[in-house]
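Heads up: the structure comes next, in structure tokens.
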Amino acid sequence: MPEDNKQNKESDFPFPPWLKASMEVWSNITKTIPKPDFAEAEKQSASNNRLAEQWQRNVNLMKSFSKLMSEPEAAATAMKAMNTLPEIIFKMAKSGWEASFQLQKNVLEKAGKIRRHTEAYNFDNIDQETFKVLTDVYEKELRQYFNIPPLGLTRFYQERFNKFLDKQNTFETKVAEFLSIIYLPIEKSFKALEEKLQAMAKEGILPKEVKENYAIWLKILEGHYMKLFQSKDYTDALHDTLEKMEDYLLAKDEAMRDFLQFFPVPTNKDMDELYKELHLLKKRVKELEKNIKSA
Amino acid sequence: MKQTKIPVDLILESMAKSAEDAQKRVSKASDVLLGDLNTALATTPYEVVYEEDRVKLKHYFRSETAENKLKIPLLVIYALINRETMLDLQADRSVVKTFLSEGIDLYMMDWGYPTRKDRFLTIDDHVTGYINNAVDFIREKHGIPKINLMGICMGGSFCVMYSALHPEKIKNLVTTVTPTNFDTEQGLLHVWMRNLDVDKMIRAFGNIPGDLMNLGFLLLNPARLIIDKYVGFSENMDNKDFVENFVRMEKWIFDSPDVPGETFRQFIDDCYKKNLLIQSKMYLGGKRVDLKKLTMPLLNFYGKFDHLVPPEACEKLVKTVGSKDVEDICLETGHIGIYVSSKIQRQFAPKIAQWLRERDQEDIIVRQAKTARNLPAAAGRQKPPAKELIKPSSRRRRQPAAKSKSSLMQKIAEAI
């Protein structure tokens, strides 16, 4: 059985033969390189010597790696580790697809509900499921990748940049939601206009002029907007959008600071500190001037 | 079931005619739009007589030979939102021109364009700093102890604050569309501002961008301000006069300086959220703004259809001040209509001039008495002090103005 296992592992893993062949090629090339003549080497520049030494070191490293990889157990372990990479990519793609399907499904459901939800002058419980799902999908499925803790020397720079990307995505989602709310009265006003015109047609007083129709629609639209603006949902959405915009601007400012400092260009923070000092100094000077004048 | 008879033929005929008219209009409009247009605003000549940081004090030229001259100069303080050019939008609808022709010696504050370095300026810096310095400059220039002060919108609130802190320097106070009571559900702005996280806003923006505020104002009535306004323009774009006036209005509306961050924060926190001003609980530079100290005559204008500063935000002022000579005037227009509507123009600026004139005569006596006490430099020219005249107690309330058929420009002005 162990023999079979070994066979299987070897067949699963095609690298040992390739490594062996490649090792032979590079060893032969190394052999063709003339051995260093110490007298000559002294004449050579230090950099050439370092190059030859580095070459030899690399070949040795490759030899030991090849030897190690010819052991089926080691190769299998390495392969297993390599297999996890596609797994991660697959997991990411999967969550992306799921999010996309979920969103598509919701959009289709919403499309089917358009007429049902278009109730004139009613903005209670605005149907914003699509955007809630979009936000939900982003927050649950995608945001986590921006939250992977960055490591190493540049970790804080990465962290700030990731935060900027995260806040930008959140803000864009909110803007889309807000715009859809702003569009709602237009959607509803057409429905209300249709109903009104039907009623007028029944009475035989249908407007003949395009302008009259426009005036009726505008009045309906204005009424819808006034109703919408007084709703809690709208006020919440407005504040939420503004807040997300502020989050985005703050994150952008922080990320930008890193770039500006690199160049070096004074950042908003630097300038604000300076302006504050200047402002306080000016106030003091003016106060002193006044005191001197009145003395 | 009875079939409804729809006059399809008539509708189609009307649509065809409309299309034909539109085609003609577009053809003529191209001549207008491609031709020379006079869209300059704020063309009344003036000189800058005082400057401090970004702030300028404009002094307009009036005819010195005119017989109707008022003795006490008037300083107009505009809001920090948009620009004072609104008072001189076009020659035939200019508050500035009317004031000058009525004999008013007119000064106007130009707040300029705040930059990031102005973000730490507070209301105190504007009121007891810039306004106080401008008032002192005019007093010194004219050798008088008191001047007339007129405020517009937020500028009016600043004038109320200033006059309460320095009643000794203000002869008459005129407030126009001035919010002082912020505890109202009438205006959407009041409702929206209440839950604003102003600290975060200031951190994010520094100064509050004018464009952001403009977007907010447009969203107060998108049907009129984003759709109908431009539909109206397309219907009249073959009319040169209309196009010129429309473009002037557009230039003014979208000329929006940023608002210094700390001033905005203080205005939202102290006024919109805590409503401190009308309760005389607001503090500026450590001093309480006590509205009972507003003992000078007060004329208070506001718009019945103003959705930015609704009547409820303005009308409480006259009941709160210490003065007995107060007058409330409610005009049937919107926030900007008071200043730019041709119909309202005939009632607004002449009324202010007349009101000031009635109190200008009294002031000569007061002026002489006060000048003798407060300004040693003018002592050489002084006359024996006289008794201050008793002012008429005219606690009049709303005087609704007549409403006539509005023009499109008027409608736009009323919608703002």
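For A:L274, the criteria (1) surrounded by fewer than 14 Cβ atoms within 10 Å (Cβ to Cβ); (2) away from chain B (no Cβ under 11 Å) hold in every case but one, which is (2).
Just give me the residues in segment B:207-226 being facing chain A (nearest Cβ under 7 Å) and either surrounded by fewer than 20 Cβ atoms within 10 Å (Cβ to Cβ) or touching a Gly at 6+ places or on another chain (Cβ under 8 Å) (or both), in sequence order. The one that is facing chain A (nearest Cβ under 7 Å) and either surrounded by fewer than 20 Cβ atoms within 10 Å (Cβ to Cβ) or touching a Gly at 6+ places or on another chain (Cβ under 8 Å) (or both): B:P222.
Going residue by residue through segment B:52-65, is there one that turns out to be touching a Leu at 6+ places or on another chain (Cβ under 7 Å), part of a loop (DSSP other than H, G, I, E, B) and in contact (Cβ under 8 Å) with a residue 12 or more places away in the chain?
Scanning segment B:52-65, I find at least one residue that is touching a Leu at 6+ places or on another chain (Cβ under 7 Å), part of a loop (DSSP other than H, G, I, E, B) and in contact (Cβ under 8 Å) with a residue 12 or more places away in the chain, so the answer is yes.
Remark: pairs (first residue in segment B:246-275, in a loop (DSSP other than H, G, I, E, B); second residue surrounded by 20 or more Cβ atoms within 10 Å (Cβ to Cβ) and of a type in the set (D, E, K, R); Cβ separation under 8 Å; 6+ apart in sequence or on different chains) = B:D255/B:R83; B:S256/B:R83; B:P257/B:R83; B:P260/B:D118; B:P260/B:R119. The residues on offer are B:Y107, B:Y78, B:Y162, and the sole one that is at negative phi, crowded, with 21+ Cβ neighbours inside 10 Å and touching a His at 6+ places or on another chain (Cβ under 6 Å) is B:Y107. Within segment B:3-57, the residues that satisfy the criterion of being at pLDDT 90 or above and within 14 Å of chain A (Cβ to nearest Cβ) are B:E52, B:D53, B:R54, B:V55.
Restricting to segment B:126-151, name every residue that is within 13 Å of chain A (Cβ to nearest Cβ) and either among the aliphatic types (A, V, I, L, M) or touching a Gly at 6+ places or on another chain (Cβ under 6 Å) (or both). Matches in segment B:126-151: B:T128 only. Within segment B:328-340, does at least one residue satisfy the condition of being more than 16 Å from B:A164 (Cβ to Cβ), touching a residue at least 12 places away in the same chain (Cβ under 8 Å), in contact with a Cys (Cβ under 6 Å, 6 or more places away or on another chain) and not hydrophobic (A, V, I, L, M, F, W, C)? No, the conditions are met nowhere in segment B:328-340.
Looking only at segment B:107-125, residues that are facing chain A (nearest Cβ under 9 Å) and either within 22 Å of the chain's Cα centre (by Cα) or closer than 20 Å to B:V49 by Cα (or both) come to 2 in all.
Out of curiosity, is A:I181 in a loop (DSSP other than H, G, I, E, B) and either farther than 25 Å from B:G216 by Cβ or under 26 Å from the mean Cα position of the chain (by Cα) (or both)? No: the conditions fail for A:I181.
For A:G204, the criteria (1) at pLDDT below 90; (2) buried (at least 19 other Cβ atoms within 10 Å of the Cβ); (3) closer than 25 Å to B:S18 by Cα hold in every case but one, which is (2). Of the residues making up segment B:315-343, those that are assigned to a strand (DSSP E or B) and at pLDDT below 90 number 0. Picking from residues in segment A:255-295 that are among the polar types (S, T, N, Q) and more than 23 Å from A:K167 (Cβ to Cβ), the one that is nearest to the chain's Cα centre (by Cα) is A:N291. Residue pairs whose Cβ atoms lie under 6 Å apart, separated by 6 or more positions or on different chains, with the first residue in segment A:188-204 and at negative phi and the second of a type in the set (V, I, T), are A:K188/A:T118; A:S189/A:I220; A:K191/A:T118; A:A192/A:I220; A:L193/A:I220; A:A201/B:T4; A:A201/B:I6; A:K202/B:T4. Per the listing A:Y234, A:Y183, the residue uniquely under 24 Å from B:D197 (Cβ atoms) and within 14 Å of chain B (Cβ to nearest Cβ) is A:Y234. Evaluate segment B:286-302: report whether one residue or more is under 28 Å from B:G206 (Cα atoms), within 13 Å of another protein chain (Cβ to nearest Cβ), in contact (Cβ under 8 Å) with a residue 40 or more places away in the chain and part of a loop (DSSP other than H, G, I, E, B). Within segment B:286-302, none of the residues are under 28 Å from B:G206 (Cα atoms), within 13 Å of another protein chain (Cβ to nearest Cβ), in contact (Cβ under 8 Å) with a residue 40 or more places away in the chain and part of a loop (DSSP other than H, G, I, E, B). In this structure, B:S157 qualifies as under 15 Å from the mean Cα position of the chain (by Cα) and crowded, with 24+ Cβ neighbours inside 10 Å. Taken over segment B:75-96, the criterion of being in a strand (DSSP E or B) and touching a strand residue (DSSP E or B) at 6+ places or on another chain (Cβ under 8 Å) is satisfied by B:L75, B:V76, B:I77.
The combined condition, being of a type in the set (S, T, Y) and at the interface with chain B (Cβ under 9 Å from one of its Cβ atoms), is fulfilled by A:Y225.
Listed here are the residues, each with its yes/no results for (1) closer than 22 Å to B:D255 by Cα; (2) of a type outside the set (A, V, I, L, M, F, W, C).
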position	(1), (2)
B:L70	no, no
B:N82	yes, yes
B:K97	yes, yes
B:S101	no, yes
B:Y113	yes, yes
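The C-beta contact set for segment A:239-260 (first residue more than 11 Å from every other protein chain (Cβ to nearest Cβ) and of a type in the set (A, V, I, L, M, F, W, C), second residue outside any helix (DSSP H, G or I) and surrounded by fewer than 18 Cβ atoms within 10 Å (Cβ to Cβ), distance under 7 angstrom, 6+ apart or interchain) comprises A:L260/A:T267. Annotation: B:K71 fulfils all but one of (1) within 14 Å of another protein chain (Cβ to nearest Cβ); (2) assigned to a loop (DSSP other than H, G, I, E, B); the unmet one is (1).
The values are calculated or read from the model by the stated rules, or taken from the named source; none is laboratory data. Here the structure is a predicted model, which is why all the values come from computation and not from measurement. Using ideal geometry, Cβ is built from the backbone for each residue, glycine included, and neighbour counts are taken over all protein chains shown.
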